[in-house]
Structures are given as C-alpha cells and as structure tokens.
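What follows is a single structure, written as structure tokens, with notes after it.
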Amino acid sequence: MKNSFFIGGVAILLIVFVMACNNYVAMVSPTDPSVLLPPGQVFLPDTPLPVDSAKSDVSETDTVILPDDVILILPKLCVTGKGSDIPCNCVVDAHLKLLTSKKEILLFGKSTVSTTELLETGGQVMLTILYNGDTLQMMEGKNFTLKIPTKRTKTDHTKMRFYKEDAQTTWAELGALAGSTPEYYTITSNQLDTWLSPAYVYSEASSTVQISLQISGEGPALSQVRLFVIPSNIHSVVSTTQINGVFIPVSHLPLDEEATLIALAKTGETLWLGRQNISLQSSLQVPMEFTSVTQKELDEILSQL
C-alpha cells in the first residue's frame, strides 16, 4: 500500500513538473468549458511548439547562433540552480521557444493584444536554461541578451518596445528595447521561462468591431467556432470572444484595413475551416462556408497567412 501511495505521488509530481517546464499546457481539465485550450492543441495536436536548442558553456561569456538567425548571448557564470546562490560553471542546455509567423502565434495562443490595444509583434520568445534536466534561474544582477531579426514586420524598428506577458496572458510594456537596428531587435532580460516580445501599439487601431457569421452549407454549429482576425498589413493575430452569437475581437482594430477571418472548429474527428477576406468595419455580417480539411491541409493553409 505504501508503494502505491509513493508511485501515485511521484506520478502527480512528474505531471506538475512537465506542465511547469512547458509553461504552455493549461492546468485544467480539457472538458472545462470555461477554459479554451490553445488552438494548436485542439486543431493540430501533432504540431509541436517551435523550440530551438543549443549547448552553451557558461564558464565564459558565450554567444550562440540559433536557427532563424536568432543570437543568444549568455554572460559568464550567469545561471544557478533554484534556491541557490552558487553559479553554474558548466555547459548548459538553452531552449528557446520562438513564435514569429502568424501561424505559430495563432496556434500557440499568444495573442498580440495588450489590454484592449492591438500590438504589432516582431516575434515572441521564451528562454529556458537547463543543466542535467534541471531548470536553472539567472544569477542576481545577470542578464541574457537576445537579438531577433527584424524581417517579420515592415514597421520602423525604432517604434518597437520591450513587452512581457503578464499573468492574464496579455502583454505589458517594460520600456525601451536594449537596442534596435534595421537588422535586429535586442532584448536584455533576466526573465527566464517568461514570454517576451519586441512590439508596439498600433495607434490607428481605435475601434471596437463586432462580427456576425452567416454560415451556409455543411459545418459546425456556431457555438463550436473559434474565430481569428488576421490583419493583412500588420504582423498581428487577434482572437475573438463570442457573445450571444456575435464575435468580438479582444482588441481594438483599425477600420478600413484589409484582414482575413479564419474560423476553426472540430466536431468528433472532423476539422472545419472557414476563410473570408474582409475590410474591417465596426459592424460586419460575413458569409462563411466551412470545408472539412486534414491536419496537413490546415497546416499548409495557416502557413500562408
């Protein structure tokens, strides 16, 4: 009996540890109607969260070139174990979660919204550092540096500010970036296991938008639909809340701008996709026809956003 309790306790601790390290899976029952799982878990569960990994020797200051041309700089003796003040003089594993495309931002639940303000993002990143599988933390007074290429948005790089995801999974401005050039946004921080972003408030986005879908043909019930607004000329993804059959984007949007509506639903094992190009107005009635798609087809379509 003691062994049963021990094994059960270890299993629970392992589940909690995996969830904490991932900082992604909601710690609730998937059947809880009050919590929406990230779209990637629902519609493309075989698509992993993008993670780039590299070894780094922190016995000296180390510069690591990650995929997608991201540069990570770790200063000498910059990390330590949880609850310790002894620096790690060792080779560590650096794991960088990097969301840069509109597809990735849509799928993994990192909406580009600060309170009700629309953000244009240059990328969303989370750095985790491990040693022998244990999660480390930054030493007091030490910061890592990330240099993120500016290629995702045409926005003037000098407009970008430093944002951090807060407890409500929106973004809070922390101030100016450590540096910004036509080639790179530079973030300097001691915040491991936290989503960070170079972004700026899209000032022309000042209007509340309401969207009514007029569904025709086969497809899901309206209550099963999750709707996303993808501005054509802004590197942003905006989710919506459905209230009495009307979809309300979670941020203000710029009127008369072109955008694409992406409507997703899943009934049983069937994936449904609806798409419609629109011009943003304060009140929209949008005809929407759904087609059933495979996971591969949906992945390819979202890659074109």
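Placing +1 at every Lys and Arg Cβ and -1 at every Asp and Glu Cβ, with all other atoms neutral, what dipole size does the chain have around its Cα centre, in debye to the nearest 20?
The dipole magnitude comes to about 280 debye.
Compute the long axis of helix 2-22 from its Cα atoms, compare it with the longest principal axis of the Cα atoms of the chain, and write down the angle in degrees, 0 to 90, nearest 10.
Helix 2-22 sits at roughly 70 degrees to that axis.
What list of ³J(HN,Hα) couplings, whole Hz, do you get for segment 55-70 from phi and the Karplus terms 6.51, -1.76, 1.60, once you set θ to phi - 60° and write x for glycine and proline?
Couplings: 8, 9, 8, 8, 5, 9, 4, 10, 10, 10, 9, 9, x, 6, 6, 7 Hz.
What pairs in 55/164; 76/151; 102/296; 110/151 have C-alpha atoms more than 21 Å from each other?
In this structure, 55/164; 76/151 lie more than 21 Å apart at Cα.
Within 12 Å, Cβ to Cβ, of residue 128, how many net charges do the neighbouring residues add up to if Lys/Arg are +1 and Asp/Glu are -1?
-3
Can you tell me which of 120, 60, 104 moves the most in a GNM of the chain? Springs connect C-alpha atoms under 10 Å apart.
60
When DSSP assigns beta bridges and you keep just the ones with both residues in the chain, what percent turn out antiparallel, to the nearest 5?
On the way: 78 of 85 bridges.
Beta bridges within the chain, antiparallel portion: roughly 90 percent.
For residue 51 and residue 283, FRET efficiency with R0 = 35 Å and r from the beta-carbon atoms, rounded to 0.05?
That pair, residue 283 with residue 51, gives E of 0.30.
Among 74, 279, 187, whose Cα sits farthest toward the positive end of the charge dipole of the chain (+1 at Cβ of Lys/Arg, -1 at Cβ of Asp/Glu, about the Cα centre)?
Result: 74, furthest along the dipole toward the positive end.
Wrap a convex hull around the Cα atoms of segment 45-197, take a quarter of its surface area, and give that in square nanometres.
Averaged projected hull area, Cα only: 9.5 nm².
Taking the chain as a Gaussian network, Cα atoms linked when under 10 Å apart, which of 116, 61, 153 shows the biggest mean-square fluctuation?
61
Which whole-number value in Å³ per residue fits the convex hull of the alpha carbons of segment 141-287?
So the per-residue Cα hull volume is 144 Å³.
What number do you get for segment 106-162 when its Cα radius of gyration is normalised by 2.2 N^0.38 Å, N = residues?
Against the empirical 2.2 N^0.38 Å value, I get 1.47 for segment 106-162.
Need one number: nm distance between label points at residue 206 and residue 248, each 7 Å from Cα along Cα→Cβ, rounded to one decimal.
Those two pseudo-labels are separated by 2.1 nm.
Ratio of Rg to Rh for the chain, alpha carbon only, Kirkwood?
Computed over Cα atoms, the ratio is 1.00.
Using θ = phi - 60° and the Karplus form 6.51 cos²θ - 1.76 cosθ + 1.60, what ³J(HN,Hα) does each residue of segment 93-106 get, whole Hz, x for Gly and Pro?
So the J values, rounded to whole Hz, are 9, 9, 10, 10, 7, 10, 10, 10, 7, 4, 4, 5, 5, 5.
Can you run phi through the Karplus equation (6.51, -1.76, 1.60; θ = phi - 60°) for segment 214-223 and list ³J(HN,Hα) in whole Hz, with x for Gly and Pro?
9, 7, 10, x, 5, x, x, 6, 4, 5
Every read-out reported here was derived from the displayed coordinates using simple, explicitly stated rules and does not represent laboratory data. No experiment lies behind these values; they were computed from the predicted model shown. We place every Cβ from the backbone using ideal geometry, glycine too, and count neighbours over all the protein chains shown.
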